[in-house]
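What follows draws every value from the coordinates through simple rules; no lab data is involved. Nothing here was measured: the structure is a model prediction, and the numbers come from that model. Note that we place each Cβ from the backbone using ideal geometry, even for glycine, and neighbour counts take in every protein chain shown.
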Amino acid sequence: MNTSNGSESDGYPRKRARTRRALLSAGMVVLAEKGPEGATVGEIAREAHVSPGTFYNHFVSISDLVETVTGELSTGVEIGRDTLNTIENDPAMRVLLGSAQLLSLADDDPVAAAAFVALLATVPDFRDRVRQLVSGALADGISSGRFVDYEEMALTDAVLGSVVQWMRTSLTQSGGISRSEHSAHHRVLLGIVGVPAVEAAQLIERLERVRRGA
C-alpha cells in the first residue's frame, strides 16, 4: 500500500512537468500565429489538449506564459553566446556562428523559431534583451577594429534584422532555405559588419567545415 502511494507521488511531478511543457509548446504555436494580444487561454489549452482550468494551474495569465516563453528563448540565445565566447576568439566568426544557430532553429524547431520571430516584434522587453545580446557580440568587433565603426545599436539592428528576415523566409519557404542560400545570407551578414569579401568566403568555408565536423 505504501509502495503504491509512493509511486503515485513520484509520478505526479513528472506528469505536472509534462503538462507544463505541453502548455509552453502550445503557447509557442498560438503566440507565433496570433501574438500575445491575440492569444487566448482557450486556444492554448485546446492546442495542448487540456482544459482551460489546467492552464491556470501552471500560469497566472497569458502574460505569465509569454514571460516564461521569452525567458526560455532568451536563455537559449545567451547559452549560445556564452558557448561561442568560450570556444571562438574571432568576433566575425562568433557572429557568423551565432547567426547560423538562429537560422538552423528555423529548420530544427520551426515552432520555437516562429515564436522567436513573432515575440521579437511584439514584446519590447524581449526585443531589448535580444538586441543587447547581439550588441554585446558586435561590440568586441567594433572596439578591436574588426568591424566597421558604425554606431553600435544601428549595426545591431542591421544584423538582427537580416537574421530575422531570413528566419521568416525559411519558415515560409517550402523545404526551408538551401545551403547555397544560407551561404548567401552569411556573405551579406559579414558584408554588413565590414568583413572583406575574400575573408568572408574563408570564414564561410570554415563554418561549413565546422558543420561537417571536420
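Details
- Relative compactness, segment 97-155, computed as alpha-carbon Rg over 2.2 N^0.38 Å: 1.29
- Debye, to nearest 20: dipole size of the chain, +1 on Lys, Arg Cβ, -1 on Asp, Glu Cβ: 580 debye
- Springs between Cα atoms under 10 Å define the GNM used for the chain, and in it the highest mean-square fluctuation of Ala158, Ala114, Ala17 occurs at Ala17.
- Over segment 64-212, Cα pairs under 8 Å with separation of 6+ residues give a relative contact order of 26 percent.
- A convex hull fitted around the alpha carbon atoms of the chain yields 156 Å³ per residue.
- Listed from fewest to most Cβ neighbours within 10 Å, the set Ser162, Ser180 follows the order Ser180, Ser162.
- When each of Arg179, Arg94 is scored by the number of other beta-carbon atoms lying within 10 Å, the sequence from fewest to most is Arg179, Arg94.
- Shown for Lys15, Lys34: other C-beta atoms within 10 Å of each C-beta, ranked fewest to most, produce the order Lys15, Lys34.
- Reduced Cα scattering model of segment 136-179, Debye log10 I(q)/I(0), q = 0.14, 0.22, 0.33 Å⁻¹: -0.45, -0.71, -1.10
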